[in-house]
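Single-structure report; data block below.
Readers should treat all values here as calculations from the given coordinates under stated rules, not as data from a laboratory. Worth saying up front: this structure is predicted, and the values here are computed from it rather than measured. Note that each Cβ is placed from the backbone with ideal geometry, even for glycine, and that neighbours are counted across all protein chains shown.
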Amino acid sequence: MEFSMKPAQLKIKYLTPGVAVLILLAFNGFVFLALRFLYGLGYVTNLDLQHPWGIWIAIDVASGVALAAGGFTSAALGHIIYKEDYKIILRPALLTAMLGYTFVAFAVFIDLGRYYYIWHPLIYWNGTSPLFEVGMCVMIYATVLYIEFLPVVAERFIGKVNFKGIFSFLNKPVDSLLRTLNRGLRKTMFIFIIAGVVLSTLHQSSLGTLMVIAGEKMHPLWQTPILPLLFLLSAIAVGFPMVIFESLIAARSFKLKPEMEVLSGLGRMVGPLLGIYLAFKIGDMAIRGTYVYLTEVNTQSVMFMIEVIVGVIIPLRMFFSEKVLRSKLWLFVASTLVIIGVLLNRINDFLVAYSPPYAFQSYFPSIGEISVTIGFISVLVLLYRAFVMIFPVISLPDKKLITQAKYAVRGGAK
């Protein structure tokens, strides 16, 4: 990373043809979302008593939580391990995680039949329930992410609060509040960063615990006592690929030069992490003897092979290649494959592997479910674009530092 990079607001045009498409997709999703709240889950989804959850849980929640892991992995790398070179990725990763967890919480809200009882876990505790632990951790971690983002908000508005008209009297109090929050968070931020990492490891693994207690309802290829560990390891493994994916997409969308030195460094860590995950997954299969189910040609065995080969083995080999690590295209492809692998893993665990008793038909998502999921993703991208335009999130070359460096070099030459 060059020393002349500094977080700044992006001076770009918000509305583009791509943004217009995302707005249409978001609007379509909100139409079906409105129908869900007006007429109930059964009107919009293909859920029933045998299939109590669908893609709103498998993709919006389980996959969303895993793919937001870039927040805690980058925080651990940049703040706890304290690798200065990687601080350039911290704010974009933090923003992605913050928005991701916000939509995870909202996805849980819309998937509950009695959504108006979502506050119950705060009052009625059930310490034996994995979902209780997941719910509490997600709520607290989402709060921690917003607290971690407060210094970015303070940096943007300190000395620039400018309410007009009848609200002008708020300028000084709001500015003083921002300065006080900024000073306080500088001294205590390490507490929230450590708490965020710890909370992430807890609920990432507990999502696996949820499927362990499903017992014989799950196919043996995925049902294992170490499923919580596999969920955690896969989340850690996908953290850096998600950061690389988001960075390259943002660089292309905003016409910026990607920091390949930083992204290549992240890529070098992915290979060993994927190797550890694969070793535990294959080792577990060997110990339990579940590899015999791969000789059966059915949906479960095919999906398992696609998940492991496309999502783990191929990118594992790619991330050990210097040619891949130095190429924007191949680094993007390798990262995308890891993301697809984790996405398939969560879909397989929650949908493909799950066989409810007494089911008369299989589950397939309705148009409404697909529309809401695509709408959520569209809104997330739209908000990300707005945030990087309002707040100093993405690092850009600092002209002042570059000028100072030039003068220093000239002075040294003389």
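Quick notes on this one:
- Per-residue Cβ neighbour rank within 10 angstrom, fewest leading, ILE236, ILE147, ILE306, ILE89: ILE306, ILE147, ILE236, ILE89
- In the chain, Cα pairs under 8 Å separated by at least six residues give a relative contact order of 33 percent.
- Cα long-axis angle, helix 17-39 against the chain (0 to 90 degrees, to the nearest 10): 50
- An oblate overall shape is assigned to region 10-92, the ratio a/c of its alpha-carbon gyration tensor axes (a ≥ b ≥ c) being 1.5 or greater and a/b not exceeding b/c.
- Within region 1-47, trypsin sites (Lys or Arg not before Pro) in DSSP loop having at most 10 other beta-carbon neighbours inside 10 Å: LYS11, LYS13
- For the chain, size of Cβ-based charge dipole, Lys and Arg +1, Asp and Glu -1, in debye: 2240
- FRET efficiency estimate (nearest 0.05) - Cβ-Cβ, PHE360 to ASN126, R0 41 angstrom: 0.85
- Cα gyration tensor shape for region 161-263, rounded if a/c is under 1.5, else prolate or oblate: prolate
- FRET efficiency estimate (nearest 0.05) - Cβ-Cβ, ILE287 to ARG179, R0 56 angstrom: 0.45
- For region 264-352, the square roots of the Cα gyration tensor eigenvalues, ordered a ≥ b ≥ c, give a/c of at least 1.5 with a/b greater than b/c, which places it in the prolate category.
- Each peptide among 368-375, 164-171, 124-131 gets the average number of other Cβ atoms lying within 10 Å of its residues, and from highest to lowest they stand as 368-375, 124-131, 164-171.
- Between HIS51, HIS120, HIS203, the Gaussian network model of the chain with springs among Cα atoms under 10 angstrom shows the greatest mean-square fluctuation at HIS120.
- Estimated distance in nm for a label pair at ASN298 and VAL31, the labels positioned 7 Å out from Cα along Cα-to-Cβ: 3.9
- Helix 171-212 vs. the chain, principal-axis angle (Cα, 0 to 90°, nearest 10): 20
- Relative to the Cα centre, the charge distribution of region 223-293, modelled as +1 at Lys and Arg Cβ and -1 at Asp and Glu Cβ, gives a dipole magnitude of about 120 debye.
- On the basis of the beta-carbon distance and an R0 of 25 Å, LEU329 and LEU383 show a calculated FRET efficiency of 0.35.
- Of SER395, PHE72, TYR43, farthest towards positive along the dipole that unit charges on Lys, Arg, Asp, Glu beta carbons give the chain: SER395
- Extended-chain gain in nm, criterion 0.36 nm per residue less alpha-carbon gap, LEU49 and LYS11: 8.6 nm
- Listed pairs LYS87/LYS172; LYS160/LYS187; LYS217/LYS281 exceeding 26 Å between Cα atoms: LYS87/LYS172
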